[in-house]
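Contents: one structure, followed by commentary.
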């Protein structure tokens, strides 16, 4: 089985030697997305709700590049700098998964790339 690199010009460029996502057969494995606005290059960290919303916009762009949408997501991993922000992150995240939400774990971590507060990776299937 071959792997296909998925790239969206509408999502932030990777900040290291990795792909936005890799598709293998019907599975899509996506790298973690952080709240970088593609249009401005600005990193949103002042408000956790806005930060999470931007992460979800970036995830949507990667999904679109793969010919998928949020209904195809089967697993997410949420990395949080402060678990006290979980309720606000969960609320923003939940707006994208209204029915049949994917499996998920949320873990608190000491530090994230670019000193953001939240990073989300996912697996999708079509």
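Applying 1/(1 + (r/R0)^6) with r as the Cβ-Cβ distance of residue 104 and residue 38 and R0 = 22 angstrom yields a FRET efficiency of 0.35.
Using the alpha-carbon centroid of each, what span in Å lies between segment 1-40 and segment 68-122? Using only Cα atoms, the two centres lie 16 Å from each other.
Residues 88, 28, 80, ranked from the fewest to the most other C-beta atoms within 10 Å, line up as 88, 80, 28. Among 83, 68, 56, the largest mean-square fluctuation in a Gaussian network model of the chain, built with springs joining Cα atoms closer than 10 Å, belongs to 83. Computed from the Cβ-Cβ distance with R0 of 30 Å, the FRET efficiency linking residue 46 to residue 2 stands at 0.10. Let's test the formula: R0 of 22 Å, r as the Cβ-Cβ distance of residue 27 and residue 64. What FRET efficiency results, to the nearest 0.05? Efficiency at R0 = 22 Å is approximately 0.85.
Here, each number is a calculation from the coordinates, and none is a lab measurement. Just so it is clear, the model here is predicted, and its values are computed rather than measured. Methodologically, a virtual Cβ is constructed for each residue, glycine included, from the backbone with ideal geometry; neighbour enumeration extends over all protein chains shown.
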